[in-house]
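The values are calculated or read from the model by the stated rules, or taken from the named source; none is laboratory data. As the structure is a prediction and not an experimental result, all values here were calculated from the model. Backbone-built Cβ (ideal geometry, glycine too); neighbour counts: all protein chains shown. Please note that ligands, DNA and RNA were not included when accessible areas were found on the heavy atoms of the full protein model with its side chains. Shrake-Rupley method; radii C 1.70, N 1.55, O 1.52, S 1.80 Å.
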Amino acid sequence: MPRSSQPIIEFVRLPDIPQEELVAHMSDPRVGTHMPLLTFSWDLEMAAKFVAAKEACWQRDGLGHWAFLADGRYVGWGGFQKEGEEWDFGLVLHPAAFGLGMPITRKALAFASEDPRIPFVTFLLPPSRRNLGALRRMGARFIGETDYDGTRFLKYRLETSGSVGAVSRTA
């Protein structure tokens with residue numbers, strides 16, 4: 001049976017990933033290019049604190065960030081984080097997996113469309129991000145600039161009901 005050209009994408013919890021892999025991923029200078037809040041160095045202690053903080057979101061909100069696997073290999077992390085009354089979606093891929101952003105995002109948005117707590121998702125992007133065509137094709141709309149931890153971000157919103165099917169067909 002011929003294999004699809006797309007890898008099999010899985011979402012697992014962050015504690016399932018060796019912390020050394022997280023450190024290597026987040027220490028790659030290409031990862032920090034569009035992450036203005038990444039102002040510190042990653043080591044095993046930072047990775048442990050990061051995983052604990054993301055797991056606390058799961059405990060508090062019943063949802064949080066995952067590690068992403070492609071054909072069983074760690075390729076990045078991201079997911080949903082509650083910001084006030086909104087669910088923000090973030091994605092941080094390993095440079096070797098930058099091309100997997102849309103398949104992972106589509107899978108996450110399909111998850112969100114099934115969750116009644118998530119009528120829409122937001123995306124916070126630094127102004128350094130210039131290629132925003134995929135967001136627009138998904139149906140996300142720019143709603144303005146916002147300050148997060150003293151840093152300016154561009155904020156987009158995507159309705160999850162009715163738009164996720166279009167995402168799967170067009171992206």
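A count restricted to segment 63-88 and to residues that are touching a Phe, Trp or Tyr at 6+ places or on another chain (Cβ under 9 Å) and either within 22 Å of Pro119 (Cα to Cα) or without any contact (Cβ under 8 Å) to a residue 12 or more places away in the chain (or both) stands at 12. Does at least one position in segment 141-150 carry a residue that is open to solvent by less than 40 Å² (accessible area, probe 1.4 Å), under 16 Å from the mean Cα position of the chain (by Cα) and either under 19 Å from Glu83 (Cβ atoms) or of a type in the set (Ser, Thr, Tyr) (or both)? No: segment 141-150 contains no residue that is open to solvent by less than 40 Å² (accessible area, probe 1.4 Å), under 16 Å from the mean Cα position of the chain (by Cα) and either under 19 Å from Glu83 (Cβ atoms) or of a type in the set (Ser, Thr, Tyr) (or both). The residues listed here are Arg117, Arg137, Arg106, Arg73; of these, the one that is surrounded by 16 or more Cβ atoms within 10 Å (Cβ to Cβ) and touching a helix residue (DSSP H, G or I) at 6+ places or on another chain (Cβ under 9 Å) is Arg106.
To keep it simple, each residue is scored yes or no on (1) at pLDDT below 95; (2) under 19 Å from Gly76 (Cβ atoms); (3) charged (D, E, K, R).
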{"residue": "Gln6", "(1), (2), (3)": "yes, yes, no"}
{"residue": "Pro15", "(1), (2), (3)": "no, yes, no"}
{"residue": "Asp28", "(1), (2), (3)": "yes, yes, yes"}
{"residue": "Met46", "(1), (2), (3)": "yes, yes, no"}
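Filter segment 122-171 for residues that are small (Gly, Ala, Ser) and assigned to a loop (DSSP other than H, G, I, E, B); which is modelled with the highest pLDDT? Reasoning before the result, please.
Applying the first criterion (small (Gly, Ala, Ser)) to segment 122-171 yields 128, 133-134, 139-140, 144, 150, 161-163, 165-166, 168, 171.
In the following step, the residues that additionally are assigned to a loop (DSSP other than H, G, I, E, B) were identified as 128, 139-140, 150, 161-163, 171.
Values: Ser128: 76, Gly139: 90, Ala140: 93, Gly150: 84, Ser161: 75, Gly162: 51, Ser163: 46, Ala171: 35.
Looking at the filtered set, the residue picked out is Ala140.
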